[in-house]
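Visitor: Dropping the structure in here first, questions after.
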Amino acid sequence: MSQIAALLKPPRRMPVLLAGGALLLLVGTVLILVLGSAPRPGQMSLDAALEQLEEQVRLNPQDLQARLAVAIGYAARGYDTSAIEQFQEVLKQEPNNQTALIGVGRAYLRQGKLDQAVAPFLQVVELNKDNPVKHSLEQLEAVYYDLGVIYMRQGDNAQAALFLQQALAINRVDADAHFMLGQVQQANGDLEAALYSYRQAVRLAPDFIEAYEVMGGIYKRLGKIGEAKYSAGMIAIASRSYDKAIAALQEAIVVAPDLAEAHQGLAIALESKGRAEDALASYRRALQLDPALMLSSLAVQRLAGR
């Protein structure tokens, strides 16, 4: 079960800004720079470190490193209004500070202030237009994704698709970007393109329930009964209803015997029930139909080696 769970865990979006331990590391680094010492491990909580940095900002308002760390800390705590104020103070002195631009855009986006979120994100895009390594920048990929979300919410599907495609050009394994692109394509009435994007999303994140739900709806609309059963079976797997999943996926295979993902889904459900030999046979059948199914490939290696 633990091995299956690890395989099913979706590689979903990572935050652009730091949080948790990474944020405390940043705060510790800033404390070294501004105070000349760092807290010993376990000596200082994030809140205590932020208090020191807030005091440093009060004593020296021009200390951008401390102010930026405070802003990131506020954002991590969900204090978006305070975070915006601090990010904007940084931007007054450094208008092209990309961490501050991304931070303020993300805070506005969390508040639902889409028009205010767009400008800083577009500024980051402009600053990187001639960057020779922009196609490897994780932060820029997240900015493209956020712009895609914003434009989709605003009803500008052409711009949304453009930015989501740019996000995927940087990171092809971003399941959420594939899903959002599918949403845009579906809104435009291009159901086949939407299904392709959703299928890419669930290949990367096999327990992506939202994707299976919309796929199931489209399959039913198109009269693809086997594929609709497959979607229902995968939703049951994600919900850990394995008997229900086995029944639905077996029905899917009867109707659509060449649907590789249905065989893989059946294998997952069978393995989850402890039926390793049956699961191995289904994984192998999935790979015969689609050798690119990485989850099945890994599962065959694991089960065949027992």
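The values are calculated or read from the model by the stated rules, or taken from the named source; none is laboratory data. These figures come from a predicted structure and were not determined experimentally. When we count neighbours, we look across all protein chains shown, and the Cβ atoms used for this are built from the backbone with ideal geometry, even at glycine.
Visitor: Across region 104-136, what is the total count of residues that are surrounded by 12 or more Cβ atoms within 10 Å (Cβ to Cβ) and either over 20 Å from TYR151 (Cβ atoms) or of a type in the set (D, E, K, R) (or both)?
Guide: Summing the residues that are surrounded by 12 or more Cβ atoms within 10 Å (Cβ to Cβ) and either over 20 Å from TYR151 (Cβ atoms) or of a type in the set (D, E, K, R) (or both) in region 104-136 gives 5.
Visitor: Test each condition in (1) crowded, with 22+ Cβ neighbours inside 10 Å; (2) under 18 Å from the mean Cα position of the chain (by Cα); (3) in a helix (DSSP H, G or I) for PRO206 and report the one that comes out false.
Guide: Here PRO206 meets the rest and fails (3).
Visitor: Now, a different point. Please find, within region 264-306, the residue that is nearest to the chain's Cα centre (by Cα) out of those that are assigned to a helix (DSSP H, G or I) and of a type in the set (Asp, Glu).
Guide: The residue in question is GLU271.
Visitor: Being surrounded by fewer than 17 Cβ atoms within 10 Å (Cβ to Cβ) and among the charged types (D, E, K, R): is that true of GLU89 here?
Guide: Here the answer is no, as GLU89 does not meet what is asked.
Visitor: Considering VAL133, VAL90, VAL118, VAL124, which residue is of a type in the set (A, V, I, L, M) and over 17 Å from ALA167 (Cβ atoms)?
Guide: Only one candidate qualifies: VAL90.
Visitor: Name the single residue, out of those in region 148-164 being assigned to a helix (DSSP H, G or I) and out of contact with any Leu (no Cβ under 7 Å at 6 or more places or on another chain), that is surrounded by the fewest Cβ atoms within 10 Å (Cβ to Cβ).
Guide: Only one residue fits best here, namely ALA158.
Visitor: Can you pull out every residue in region 241-279 that is over 17 Å from ILE209 (Cα atoms) and of a type in the set (A, V, I, L, M)?
Guide: Answer for region 241-279, where residues must be over 17 Å from ILE209 (Cα atoms) and of a type in the set (A, V, I, L, M): ALA247, ALA252, ILE253, VAL254, VAL255, ALA256, LEU259, ALA260, ALA267, LEU270, ALA276, ALA279.
Visitor: Which of the residues that make up region 93-123 are of a type in the set (A, V, I, L, M) and in contact with a Pro (Cβ under 9 Å, 6 or more places away or on another chain)?
Guide: Residues satisfying the conditions are ALA100, LEU101, ILE102, VAL104.
Visitor: Something else about it: Name, by its number, the condition in (1) outside any helix (DSSP H, G or I); (2) of a type outside the set (Gly, Ala, Ser); (3) in the same structural domain as SER272 (by TED's automatic domain parsing) that does not hold for ASP130.
Guide: (3)
Visitor: Every residue in region 123-151 that is at pLDDT below 95, more than 14 Å from GLN98 (Cβ to Cβ) and either aliphatic (A, V, I, L, M) or touching a helix residue (DSSP H, G or I) at 6+ places or on another chain (Cβ under 9 Å) (or both), please.
Guide: Hits for region 123-151 are HIS135, SER136.
Visitor: I'm trying to understand the selection: among the residues of region 80-98, which are more than 28 Å from the chain's Cα centre (by Cα) and part of a loop (DSSP other than H, G, I, E, B)?
Guide: Once the filter is applied, which keeps residues that are more than 28 Å from the chain's Cα centre (by Cα) and part of a loop (DSSP other than H, G, I, E, B), region 80-98 yields GLU94, PRO95.
Visitor: May I ask you to list pairs of residues, at least six apart or on different chains, whose Cβ atoms are under 8 Å apart, with the first in region 197-209 being closer than 17 Å to GLN186 by Cβ and the second being of a type outside the set (Phe, Trp, Tyr) and in a loop (DSSP other than H, G, I, E, B)?
Guide: PHE208/PRO10; ILE209/SER239
Visitor: Between a residue in region 281-295 that is farther than 18 Å from GLY305 by Cα and any residue that is among the aromatic types (Phe, Trp, Tyr), which pairs come within a Cβ distance under 9 Å, given they are 6 or more apart or on different chains?
Guide: The qualifying pairs are LEU293/TYR283.
Visitor: When you check LEU168 against the structure, is it within 27 Å of SER296 (Cα to Cα) and not charged (D, E, K, R), yes or no?
Guide: Answer is yes for this residue.
Visitor: Test LEU191 against the stated conditions and say whether it is within 17 Å of LEU122 (Cβ to Cβ) and either surrounded by fewer than 23 Cβ atoms within 10 Å (Cβ to Cβ) or in contact (Cβ under 8 Å) with a residue 40 or more places away in the chain (or both).
Guide: So LEU191 does not fit the description; no.
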